[in-house]
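Read the figures in this text as sums done on the coordinates, not as results from a lab. Here the structure is a predicted model, which means the values were calculated and not measured. Here the Cβ is made from the backbone with ideal geometry for all residues, glycine too, and neighbour counts use every protein chain on show.
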Amino acid sequence: MSEEQGAETTAKQVAEWMVQEIRFRGILRQEEAIDYVRTHFGEQFVFVNENGNASLEKEVKKEFRKLHRGRIAWDRDGFMWGWT
């Protein structure tokens, strides 16, 4: 199945939701993002990394970086993204 099919969600749509959340709320915690993405967009956008932690799929992160163009920063200690 291709990403271009009609109603199928794309990584870009997931990334757009993340940017909108951070714009509106100021921050987005990773665990909240993972839960929301799993529930509303689908399991295909989440994977378990080598440390055993849930993470967003690489294509989502790539689209996310393209959309925010440096205006959002990752807080490693807080496990969250924040508007800069």
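Which of VAL37, VAL14, VAL48 comes first, and how do the rest follow, when ranked by fewest Cβ neighbours within 10 Å? Write down the numbers at each step before the final one.
Numbers: VAL37 22, VAL14 25, VAL48 9.
Ranking VAL37, VAL14, VAL48 by Cβ neighbours within 10 Å, fewest first, gives VAL48, VAL37, VAL14.
GluC sites (Glu not before Pro) within the chain: which are DSSP loop residues with at most 12 other Cβ atoms inside 10 Å?
On the way: sites: GLU3, GLU4, GLU8, GLU16, GLU21, GLU31, GLU32, GLU43, GLU50, GLU57, GLU59, GLU63; in loops: GLU3, GLU4, GLU8, GLU50, GLU57.
Counting only loop positions with at most 12 other Cβ atoms within 10 Å, the GluC sites (Glu not before Pro) in the chain are GLU3, GLU4, GLU8, GLU50.
Please report the base-10 log of the normalised intensity I(q)/I(0) for the chain, using a Debye sum with one equal scatterer per alpha carbon and no solvent, at each q in 0.14, 0.17, 0.20 (1/Å). Taken in order of the listed q values, log10 I(q)/I(0) reads -0.45, -0.67, -0.92.
Modelled spin-label separation between GLU57 and ARG71, with each label point placed 7 Å from Cα along the Cα-to-Cβ direction: 2.6 nm.
Treat the count of other C-beta atoms within 10 Å as a stand-in for reagent exposure and order LYS58, LYS12 from fewest to most. Before the final figure, lay out the partial values.
Details: LYS58 10, LYS12 16.
Least to most surrounded, the residues fall as LYS58, LYS12.
Take the Cα of PHE79, go 7 Å toward its beta carbon, and the backbone nitrogen atoms of the stretch 38-54 under 17 Å from that spot belong to 38-39, 46-54. For chymotrypsin sites (Phe, Trp or Tyr not before Pro), the sites in the stretch 1-81 that DSSP calls loop and that have at most 15 other Cβ atoms within 10 Å are PHE79.
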